[in-house]
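Worksheet: one structure, shown below.
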Amino acid sequence: MNKKISFLLLLSLVALTAPSQLKIGDTAPGFKLKNIDKSYISLDQYNKEKGVILIFTCNHCPYAKLYEDRIVALDIKYKKKGFPVVALNPNNPDISEEDSFDEMIIRSADKGFTFPYLVDNVGIYKAYGATKTPHVYLLQNENSHFTIRYIGAIDDSARDENSVKQTYLANSIDALLAGNEIQLKETKAIGCSIKPY
């Protein structure tokens, strides 16, 4: 096999395994995944909401842990305004035991999660292009589908909640609720790399 063919095969494999990169304005891929209460949750179940705060997160990542209280606060504040949180754990428990289904149940109870916490063992994160935990996708309901309106970080302080100056996600939701254009539509997600199945 010559070098050119080998290189093209390598590119094809990367394309098959790398997350696709969704853009602002794209339609959000649907999903149906197992929740910690053993029910199955789909994106379609939220078709009466104004939108969804979709967060790829996990148990073991220090960054994800530092954001848990903030995610609960976001859900409590915005669920009643039509933007509930849905969290997905894309990590393989064979790589990180702390991300197992049983540990997800324990973590959710210990931290008082007020939102579904789903097992993404089918690679939904790839369809969205998520690479970190946490990685946020703000979805707006447009009757027949959900549209991606913001991608990235929750705020500008991955380590210290007290030093947050820019609440990127909250600002984006507030803009949508007011019928305004989101000013900052993409930021860089800061966190641990996803450990895929």
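The values are calculated or read from the model by the stated rules, or taken from the named source; none is laboratory data. From a predicted model like this one, the values you see are computed outputs, not experimental measurements. Cβ coordinates were reconstructed from backbone atoms using ideal geometry, including for glycine residues, and neighbour counts include every protein chain displayed.
For a quick check of your reading of the model, give me the residue pairs whose first member lies in segment 117-134 and is closer than 16 Å to P29 by Cβ and at pLDDT 95 or above, whose second is aromatic (F, W, Y) and buried (at least 18 other Cβ atoms within 10 Å of the Cβ), with beta-carbon atoms closer than 6 Å and at least 6 apart or on different chains.
From residues that are closer than 16 Å to P29 by Cβ and at pLDDT 95 or above, the pairs are I124/F31; Y125/F56; Y128/Y137; A130/F56.
Under the condition of being of a type outside the set (V, I, T) and in contact (Cβ under 8 Å) with a residue 24 or more places away in the chain, which residue from segment 24-36 is nearest to I105 (Cα to Cα)? Spell out the reasoning first.
The first filter runs over segment 24-36 and keeps only residues of a type outside the set (V, I, T), leaving 25-26, 28-35.
The next check asks that each one be in contact (Cβ under 8 Å) with a residue 24 or more places away in the chain; those that pass are 25-26, 28-29, 31, 33-35.
Values: G25: 34, D26: 32, A28: 27, P29: 25, F31: 20, L33: 15, K34: 12, N35: 9 Å.
It comes out as N35.
Here is a yes/no grid of residues against (1) out of contact with any Ser or Thr (no Cβ under 7 Å at 6 or more places or on another chain); (2) of a type outside the set (S, T, N, Q); (3) surrounded by 21 or more Cβ atoms within 10 Å (Cβ to Cβ):
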{"residue": "N121", "(1), (2), (3)": "yes, no, no"}
{"residue": "Y128", "(1), (2), (3)": "yes, yes, yes"}
{"residue": "P134", "(1), (2), (3)": "no, yes, yes"}
{"residue": "N143", "(1), (2), (3)": "yes, no, no"}
{"residue": "Y150", "(1), (2), (3)": "no, yes, yes"}
{"residue": "E161", "(1), (2), (3)": "yes, yes, no"}
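Within segment 100-152, which residues are in a loop (DSSP other than H, G, I, E, B) and touching a Phe, Trp or Tyr at 6+ places or on another chain (Cβ under 6 Å)?
Within segment 100-152, N121, A130, P134 qualify.
Would you call V85 closer than 25 Å to S163 by Cβ, out of contact with any His (no Cβ under 9 Å at 6 or more places or on another chain) and free of Cβ contacts under 8 Å to residues at least 60 places away in the same chain?
Spelling it out, V85 is indeed closer than 25 Å to S163 by Cβ, out of contact with any His (no Cβ under 9 Å at 6 or more places or on another chain) and free of Cβ contacts under 8 Å to residues at least 60 places away in the same chain.
What residue, of A189, A175, A158, is part of a helix (DSSP H, G or I) and not charged (D, E, K, R)?
One residue alone meets the criteria, A175.
Is there a residue being surrounded by 21 or more Cβ atoms within 10 Å (Cβ to Cβ) and assigned to a loop (DSSP other than H, G, I, E, B) anywhere in segment 62-77?
Scanning segment 62-77, I find no residue that is surrounded by 21 or more Cβ atoms within 10 Å (Cβ to Cβ) and assigned to a loop (DSSP other than H, G, I, E, B), so the answer is no.
Just one of the numbered conditions (1) out of contact with any strand residue (DSSP E or B) (no Cβ under 8 Å at 6 or more places or on another chain); (2) surrounded by 11 or more Cβ atoms within 10 Å (Cβ to Cβ); (3) modelled with pLDDT of 95 or more; (4) not β-branched (V, I, T) is not true of P84; which one?
The failed condition is (1).
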